1. Mean separation of Cα pairs under 8 Å and 6+ residues apart, divided by the residue count of the range 78-234: what relative contact order is that in percent?
2. Which percent, to the nearest 5, of DSSP beta bridges fully inside the chain are antiparallel?
3. In the range 85-219, what % of DSSP beta bridges are antiparallel (nearest 5)?
4. Among the listed pairs K309/K335; K57/K289; K51/K191, which have their C-alpha atoms separated by more than 29 angstrom in this model?
5. Show me the three semi-axes of the equivalent ellipsoid for the range 85-219, from the C-alpha gyration tensor (sqrt of 5 times each eigenvalue), largest first, rounded to whole Å.
6. Counting other beta carbons within 10 Å of each residue's own, what order do T96, T130 fall into, fewest first?
7. Quick one: check the C-alpha center-to-center distance for the range 279-350 versus the range 115-192, whole angstrom.
8. Please turn the phi angles of the range 206-221 into ³J(HN,Hα) values with the Karplus equation 6.51 cos²θ - 1.76 cosθ + 1.60 (θ = phi - 60°), one per residue in order, whole Hz, x for glycine and proline.
Amino acid sequence: MRLVDVSRTGSRVLAGFVVSALLLVGCSNGGSHSGTKEGSAGTTVPLSQAKLLDDPKSYEGPSTATLAQASINPIATDPTQQLPVTVTDAQGTKVTVTDTSRILTLDLYGSLSRIVFDLGLGGNVVGRDTSSAFDEIKDLPNVTENGHELNGESVLELAPTVILTDTSIGPWDVILQMRDAGIPVVVVDSKRSMENIGTLIDEVATALGVPAVGTELAARTSTTVEAKLAEIAKIAPAEQQDKLRMIFLYVRGQAGIYYMFGEGSGADSLIDAVGGYDVSAEINWEGMKPVTAEGLVSAQPDLIIMMTKGLESVDGVDGLLEKVPAVAQTPAGQKRRIVDMSDTEVLSFGPQTADVIDALARAIYAPEPSK
């Protein structure tokens, strides 16, 4: 198990291999989500007291992971800011931020907006991207179209005083246009994984003039994640041969996009966190690549994790088995063992990470009965 590192140091690695395909596809719905079980929203029962499966490998049927706690929990209220601040961003660009009264956060995962709200500065946010869909932000103007494509005119209409973004969303020309318009643009790390949550929080907090608040939020996140990892470790199989073999599929059926996430994509650290065995290392599947029948059959997953809208886009499990026949040649396909989770949550790796892995663990080891 990889331990989460939420220290204020860490590499700033760009995950461009994930971005290239996702930007083209978006997050549109496509069909009904058939055969999916209800999640465990609202549950507060510790994992150890949940109705656990006797043998997770023998379980048959899909399940949905649902956050028990989805609302924002700010670490501070109206925090005192130290402005102006000059930072060197993830691209080595020096950026001076003098005004944070109109903040705009833009990334593929929705992580940045969540961090800003949890820092206590959500009242300053003036817009959102498609992946930022939690209740506190969902009514703000969306400046992305066709899924994750930035609309420069929509951004300028919001008159942001600072933009926080990464390289996961574009076109990049729009970001350059914002800089040319005199808007401070801070580019943060594009990597999302269990290992760099604290680094990401630190980058955002520092750029907004609240570094001490960022340290508090990183510490709280670290504490909750480590506690949840320990809780999951008590219920998940300990020996590798007993662990569920897992893969992460990214699917957009209407666009004909079928990708498998491998090592370094973030999905590998998520699988580790929920006590699974990440098959991508075994089959040398790195980054994010179009799925192949050979790759799926070689992986022989016991369980497949997917985004909810991705599963909907192929009309549920039945449609997945029809459109990707190789899935039926795996234990996961034969047992219909698909676990889906909201597109805006499953790979967000932000302050709510403990809740994300808790929800996944419940869907894997204590799924709700069909309704």
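1. So the answer I get is 25 percent.
2. On the way: 14 of 38 bridges.
Roughly 35 percent of the DSSP beta bridges within the chain come out antiparallel.
3. On the way: 6 of 16 bridges.
Beta bridges within the range 85-219, antiparallel portion: roughly 40 percent.
4. Among K309/K335; K57/K289; K51/K191, the Cα-Cα distance tops 29 Å for K51/K191.
5. Working: eigenvalues 81, 55, 43 Å².
Those come to 20, 17, 15 Å.
6. Values: T96 12, T130 22.
Arranged by neighbour count, lowest to highest, T96, T130 become T96, T130.
7. 30 Å
8. Computed from phi, the couplings for the range 206-221 are 5, 5, 9, x, 10, x, 5, 5, x, 4, 5, 5, 4, 5, 5, 4 Hz.
All of the numbers you see were taken from the coordinates with simple rules; none came from a lab. Note that the structure is a prediction, hence the values are computed from the model and not measured. Ideal geometry is used to build each Cβ from the backbone, glycine not excepted, and the neighbour counts take in all protein chains shown.
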